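**Student:** For reference, the structure I am asking about is given below.
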Amino acid sequence: MKNVSLDDEIARYVVRRRRIKEKNLTLEDMEDLNISKGTLSNIENGKSVREDYFNRYLKKIDMKKSELDKLVQEVTEEVKDG
């Protein structure tokens, strides 16, 4: 099974913002994914996790990988311009 990580600090910000601000989900709310809080924390802190866990996480916060990439690009531009 392949491992993935959110190496980019902006990508980690984007997924946390979606989970907390837009979806109003706590780590406890995410536990129905059959993923431990530790693994959820690892995802948001850029540590390597199994790809299927990462995909379940994205699905729970209603985000596709392509949307994540787009949002990261938008926030990166905002940071550069700001």
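**Student:** With Rg and Dmax of the Cα atoms in Å as the read-out, I listed (1) 18.5, 65; (2) 13.5, 37; (3) 12.4, 40; which label goes with the value calculated from this structure?
**Tutor:** Correct label, based on the coordinates given: (3).
**Student:** A further question on this structure: If each residue's Cβ is checked for other Cβ atoms within 10 Å, how do Arg17, Arg56 rank with the fewest at the top?
**Tutor:** Arg17, Arg56
**Student:** In the neighborhood of Gln73, defined by Cβ-to-Cβ distances under 12 Å, what is the net charge if each Lys or Arg adds +1 and each Asp or Glu adds -1?
**Tutor:** That works out to -4.
**Student:** Can you give the relative contact order of the chain as a percent, counting alpha carbon pairs under 8 Å and 6+ residues apart?
**Tutor:** Relative contact order of the chain: 42 percent.
**Student:** Relative to the longest principal axis of the C-alpha atoms of the chain, give the angle of the C-alpha long axis of helix 51-60, reported between 0 and 90° and rounded to the nearest 10°.
**Tutor:** That works out to roughly 70 degrees.
**Student:** Next question. Counting other C-beta atoms within 10 Å, which of Val72, Val14, Val4 has the fewest, and how do the rest follow?
**Tutor:** Val4, Val72, Val14
**Student:** Please state the charge dipole magnitude for the chain, taken about the Cα centre, from unit charges on C-beta atoms (+1 on K and R, -1 on D and E), reported in debye and rounded to the nearest 20.
**Tutor:** Charge dipole, the chain, about its Cα centre: 240 debye, nearest 20.
**Student:** Kindly express, to the nearest 10 degrees and within the range 0 to 90, the angle between helix 65-81's C-alpha long axis and the longest C-alpha principal axis of the chain.
**Tutor:** With both axes taken from Cα atoms, the answer is about 40 degrees.
Coordinate-derived values only; no laboratory data. Quantities reported herein were computed from a predicted structural model and do not represent experimental measurements. No Cβ is skipped: glycine too gets one built from the backbone with ideal geometry, and neighbour counts run over all protein chains shown.
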